[in-house]
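See below for the structure under consideration.
The values are calculated or read from the model by the stated rules, or taken from the named source; none is laboratory data. Here the structure is a predicted model, which is why all the values come from computation and not from measurement. Positions of Cβ are generated from backbone atoms using ideal geometry, with glycine treated the same way; all protein chains shown enter the neighbour counts. SASA here: full protein model, heavy atoms, side chains in, ligands and nucleic acids out. Shrake-Rupley method; radii C 1.70, N 1.55, O 1.52, S 1.80 Å.
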Amino acid sequence: MKKYRCTVCEWIYNPEAGDPESGIVPGTAFEDIPDDWVCPVCGVSKDMFEAVEE
């Protein structure tokens, strides 16, 4: 699963870790996160993220 970077604050969403504080369990692909989820650091919407090329 790909990692995604917030284009505003550079926070990385790692699907292996998820975002448990926001109710996103580890193993959740970015595409499966609800559309109303926001960056836990800066609060921007999911559409402000881009895939990280590894």
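A few notes on this one:
- Once the 1.4 Å probe is applied to the protein heavy atoms, the chain comes out at 65 Å² accessible per residue.
- Percent accessible area from carbon and sulfur atoms, the chain, protein chains only, probe 1.4 Å: 49 percent
- For Met1, Met48, the ranking by accessible surface with the largest value first comes to Met1, Met48, using a 1.4 Å probe.
- Taking the chain and dividing mean pair separation by its residue count, relative contact order in percent (alpha carbons under 8 Å, at least six apart): 39 percent
- Estimated inter-spin distance, Ala29 and Glu16, nm [label 7 Å along Cα→Cβ]: 1.8 nm
- Between Val8 and Val44, the contour length at 0.36 nm per residue exceeds the Cα-Cα span by 12.2 nm.
- Taking Lys and Arg as +1 and Asp and Glu as -1, the other residues whose beta-carbon sits under 15 Å from that of Asp35 total -4.
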